[in-house]
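A quick write-up on the structure given underneath.
The values are calculated or read from the model by the stated rules, or taken from the named source; none is laboratory data. Predicted, not measured: the structure shown is a model, and the values here were computed from it. Every residue, glycine as well, gets a Cβ built from its backbone with ideal geometry; the counts of neighbours run over all protein chains shown.
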Amino acid sequence: MGNLMLFARRRVTKSITLEDLACMIRGCTYVVALTGSGTSAESNIPSFRGANSSIWSKYDPKIYGTIWGFWKSPEKIWEVIRDISSDYEIELNPGHTALSKLESLGYLKTVITQNIDGLHEESGNSKVIPLHGSVFEARCCTCRETIQLNKIMLQKTSHFMHQLPPECPCGGIFKPNVVLFGEVIPKSLLKQAEKEIDKCDLLLVIGTSSTVSTATNLCYHAHRKKKKIVEVNISKTYITNRVSDYHVRAKFSELAAISDLLKGGGAAERSEAATQSGGATQTGETKQRAKAAQSAKTAQSANSTHSTSANR
């Protein structure tokens, strides 16, 4: 019922530029980013959505991507992870670096991601909430021991991937610590994500279509809390003209320009940022000081003129 009421109050999402976004960020103190698979597409990771680029065109999602498929053929999900890790040149893209710089500049506090590739952590973001887990963790289905993995261990040539599914010393099998279709996201992660959104003054929604219920619900949560929501995406999404305030038509990698603008911004940019964030560009006290200074200057000019006339 709550979501239906929100649909009844639709808004118009305003299109802005990267320069506008930079000014907006400059006026913020607690920025949170919510990212999706679009942020990894430029890192050579095939998308899990879309008819042409979807990984499910090669692997049947009912077998390779569901918890029921895992219990029936537990080696299948490991085959997907192994093949992607081995056959694709996965690397950070400029967008990852931009988010890392936003954190180092003091603006970005948290990245909430639906991705399982660990690229945000690799780029240097210190606080990442991986809603769907990580391929760099595995848990034994029997003894529940959790182990950490690395890129080498996920390669076809590694000893860990030699026999699928990988086996635990206890005799059980390992499951990648990712959320498959049919599983639920841990409540602790969702609560953590909501708390971060509660603290933010700007939510960046980057590279996600927001059609997955998790992302949609978090965006609606931000909307209910009256948070400013800015989408960064090459196209409109499910939340456009519903709950987002602004939309920047750009690829994730184009965010590299944002960090450069923030590092080199001058007084004009800071003034505009303050206006966009709801602050006054000039307080009444400042105006009074300016008026007093102008009056003093006028009086001084008048005295100078009077003195010159008297000397004549």
**Asked** farther than 26 Å from Leu255 by Cβ and in contact with a helix residue (DSSP H, G or I) (Cβ under 9 Å, 6 or more places away or on another chain): does that describe Lys175?
**Response** yes
**Item:** Matching residues, the stretch 113-160, being among the aliphatic types (A, V, I, L, M), under 14 Å from the mean Cα position of the chain (by Cα) and either within 21 Å of Phe174 (Cβ to Cβ) or part of a loop (DSSP other than H, G, I, E, B) (or both)
**Value:** Ile116, Leu131
**Message:** Please count how many residues of the stretch 233-258 are of a type in the set (S, T, N, Q), in contact with a Gly (Cβ under 7 Å, 6 or more places away or on another chain) and either surrounded by 20 or more Cβ atoms within 10 Å (Cβ to Cβ) or modelled with pLDDT under 95 (or both).
**Reply:** 1
**Message:** Can you confirm whether Gly172 is in the same structural domain as Thr142 (by TED's automatic domain parsing) and either touching a residue at least 12 places away in the same chain (Cβ under 8 Å) or touching a Leu at 6+ places or on another chain (Cβ under 6 Å) (or both)?
**Reply:** yes
**Prompt:** Is it the case that some residue within the stretch 131-143 is out of contact with any strand residue (DSSP E or B) (no Cβ under 7 Å at 6 or more places or on another chain), among the β-branched types (Val, Ile, Thr) and either crowded, with 19+ Cβ neighbours inside 10 Å or modelled with pLDDT of 95 or more (or both)?
**Reply:** yes
**Prompt:** For Ser188, are the conditions met, namely being hydroxyl-bearing (Ser, Thr, Tyr), at negative phi, at pLDDT below 95 and in the same structural domain as Cys23 (by TED's automatic domain parsing)?
**Reply:** no
**Request:** Looking only at the stretch 110-130, decide whether some residue is free of Cβ contacts under 8 Å to residues at least 24 places away in the same chain, touching a helix residue (DSSP H, G or I) at 6+ places or on another chain (Cβ under 8 Å) and not assigned by TED's automatic domain parsing to the domain that holds Leu218.
**Result:** no
**Asked** Which of the residues spanning the stretch 195-218 are out of contact with any Ser or Thr (no Cβ under 6 Å at 6 or more places or on another chain), surrounded by 16 or more Cβ atoms within 10 Å (Cβ to Cβ) and not in a loop (DSSP other than H, G, I, E, B)?
**Response** Ile197, Leu202, Leu203, Leu204, Val205, Thr214, Leu218
